[in-house]
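Step one of this worksheet: look at the structure below.
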Amino acid sequence: MRKQIVAGNWKMNNDLAQTEALLSDLKKQNQSSNAEVMVAPTFTNLYHAFEALRTSNIEVVAQNMHFAANGAYTGEISASMLKSVGVETVILGHSERREYFNETDELLAKKVDAALANSMRIIFCFGEELADRKSGNEEAVVGGQIKNALFHLEAAAFQNIVLAYEPVWAIGTGETASPEQAQDMHAFIRKTLADKYGNNIADEVSILYGGSVKPANAEEIFSKPDVDGGLIGGASLNAEDFYAIVNAF
Ligand code: PEP
């Protein structure tokens, strides 16, 4: 049975005091849920968050990492550094990384390899831009992103990969893909995996939807058969809203 997951991407928000406040609010909300729950604070707050959530069932994950083990990469963080502060899962390929930091499929393939070599779990993000959808190219774009960054892997690697479909036009815009648009794309993604690795692998990989998920729309999106959870940006910065989304399962 594939896992249901709700992950909050805090992006470049929250200094230490704000992080402490949000962690404390989350702990108050934290109850047993049907979904695995994760939060991704900034690098500087990862250790603090890990310690604060140690006794909870919320996993602390990273927003990014470098592919190299160490060395002359000023400003970067490696997989082993993340692991040394308790982080076992990393988000890779977020559209903001692709857009503002020029992360290509080729670079992401290297990051994927480095994370897996360090026994980390990956939430791998991808999604089309508005122009791609308007021109009917959304499946070609999404299929290409998945193949280019992931299809060099052995099937067993997918035990440690969660996919996150995030149409760029829906991220932080207030505009959400309709539940039907999300389901259609998730079904396409699962078929793309099945064609390459077979149905057993495709059926086990969790595929999250991201893009302006809110308490008001989460239940309908999560009710779709191929949507296994959400990657949540803005709404994850408020513990009550975030848990309303978690509890939509
Ligand atoms: C995200 O950043 O991954 C995201 C989905 O953001 P938002 O929920 O704010 O659209």
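What the table below lists for this structure:
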item: Separation of alpha-carbon centers, the range 139-176 and the range 1-55, rounded to whole Å; result: 23 Å
item: Reduced Cα scattering model of the range 24-98, Debye log10 I(q)/I(0), q = 0.15 Å⁻¹; result: -0.55
item: Surface accessible to a 1.4 Å probe, Glu20 within the full protein complex, Å²; result: 80 Å²
item: Segment Asn137-Asn70, extension gain: residue separation times 0.36 nm, minus the distance between their alpha carbons; result: 20.3 nm
item: Net length gained if the chain between Asn13 and Val85 were fully extended (0.36 nm per residue, minus Cα distance); result: 23.9 nm
item: 1.4 Å probe accessible area per residue over the chain, in Å²; result: 45 Å²
item: Per-residue SASA entry for Met81, accessible area with 1.4 Å probe, Å² rounded to 10; result: 90 Å²
item: Protein accessible area in the chain, 1.4 Å probe - carbon and sulfur %; result: 48 percent
item: Cross-link partners of Lys11 among lysines (Cα-Cα below 17 Å; sequence separation of 8 or more within a chain); result: Lys214
item: Kirkwood-type radius of the range 73-131, with distances r between different C-alpha atoms, in Å; result: 12.3 Å
item: Thr55/Met1 FRET efficiency (R0 22 Å; Cβ-Cβ; nearest 0.05); result: 0.25
item: Area accessible to solvent at Leu16, 1.4 Å probe radius, in Å²; result: 90 Å²
item: Estimated FRET transfer efficiency when R0 is 41 angstrom, pair Ala194-Lys27 (beta carbons, to 0.05); result: 0.55
item: Residue order for Lys134, Lys111, Lys196 - accessible surface, 1.4 angstrom probe, largest first; result: Lys134, Lys196, Lys111
item: Gaussian network model of the chain, Cα within-10 Å springs - most flexible of Asp105, Asp226, Asp15; result: Asp15
item: Computed Kirkwood radius, in angstrom, where 1/r is averaged over Cα pairs of the chain; result: 18.0 Å
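The values are calculated or read from the model by the stated rules, or taken from the named source; none is laboratory data. On a predicted model such as this, the values are computed, not experimentally measured, just so you know. Counting neighbours? That spans all protein chains shown, and the Cβs are built from the backbone with ideal geometry, glycine included. These accessible areas exclude ligands, DNA and RNA; they are computed on the full protein's heavy atoms, side chains included. Shrake-Rupley method; radii C 1.70, N 1.55, O 1.52, S 1.80 Å.
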